[in-house]
Amino acid sequence: MAGLSDLYQEILLEHNSKPRNFKTVDDANQTADGYNPLCGDQITLYLKVIDGVIDDVGFQGTGCAISRASASMMTQSIKGQSVEKAKEIFDAFHYMITEPGGDLDLDTLGDLETLSGINEFPTRIKCAVLAWHTMNAALSGESEVTTE
Ligand code: ZN
């Protein structure tokens, strides 16, 4: 995708071809379905939360490379984190994607910063945030969310 640096593209494509935590979690206790009608991306997210910590996470679904790579990176970044921290990462990520030029919380974002170039592509932003909104919904006890 023009505009994203080669490194970013490489990371995106790598996550897309080998998504992390692309699985169901049989004993998940918080799940949600997310849908991005603009692009047709669909995700089901499974979270196993024990004592306020995300012990396991998995996702299934179909969608474009960005939605898939973003979901993969999201699961990687929240696994083993407290629910509180996961919401912090959500906020930092959401801010990064929706407020181009803003100060990024790089300590919280880590590798997720590689997705920051997405904010130059307004039509793809919803692809990138879908997994995150789905996580937020699951943690808030909602079973369904759309990006519209
Ligand atoms: Zn998409």
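The values are calculated or read from the model by the stated rules, or taken from the named source; none is laboratory data. Bear in mind the structure is a predicted one, so any value in this text is a computation, not a measurement. Every residue, glycine among them, receives a Cβ derived from its backbone with ideal geometry; neighbour counts consider all protein chains shown. Surface areas here come from the heavy atoms of the whole protein model, side chains and all, with no ligands, DNA or RNA. Shrake-Rupley method; radii C 1.70, N 1.55, O 1.52, S 1.80 Å.
Can you report the number of residues in segment 25-73 which are outside any strand (DSSP E or B) and of a type in the set (A, V, I, L, M, F, W, C)? Walk me through how you get there before you give the answer.
From segment 25-73, those outside any strand (DSSP E or B) are 25-29, 37-40, 51-52, 63-73; that's our starting set.
Now restrict to residues that are of a type in the set (A, V, I, L, M, F, W, C): 25, 28, 38-39, 64-66, 69, 71, 73.
Number of matching residues: 10.
Could you please tell me which pairs satisfy a Cβ distance under 8 Å, a separation of 6+ or placement on different chains, a first residue in segment 17-33 that is in contact (Cβ under 8 Å) with a residue 40 or more places away in the chain, and a second residue that is part of a loop (DSSP other than H, G, I, E, B)?
Partner pairs satisfying both residue conditions: N21/K79; Q30/G141; T31/S143; A32/E142; A32/S143; D33/S143.
So, in segment 12-31, of the ones that are under 13 Å from the mean Cα position of the chain (by Cα) and closer than 14 Å to G61 by Cα, which residue ends up surrounded by the most Cβ atoms within 10 Å (Cβ to Cβ)?
P19
Pull out all pairs, ordered by first then second residue, where Cβ-Cβ is under 8 Å, the residues are six or more apart or on different chains, the first lies in segment 88-104 and is open to solvent by 60 Å² or more (accessible area, probe 1.4 Å), and the second is part of a loop (DSSP other than H, G, I, E, B).
Y95/G102; Y95/L104; Y95/D105
Name the residue, out of E120, E113, E84, that is open to solvent by 60 Å² or more (accessible area, probe 1.4 Å) and in contact with a helix residue (DSSP H, G or I) (Cβ under 8 Å, 6 or more places away or on another chain). Spell out how you get there, then give the answer.
Working: E120 fails: in contact with a helix residue (DSSP H, G or I) (Cβ under 8 Å, 6 or more places away or on another chain); E84 fails: in contact with a helix residue (DSSP H, G or I) (Cβ under 8 Å, 6 or more places away or on another chain).
Testing whether each residue is open to solvent by 60 Å² or more (accessible area, probe 1.4 Å) and in contact with a helix residue (DSSP H, G or I) (Cβ under 8 Å, 6 or more places away or on another chain) leaves just E113.
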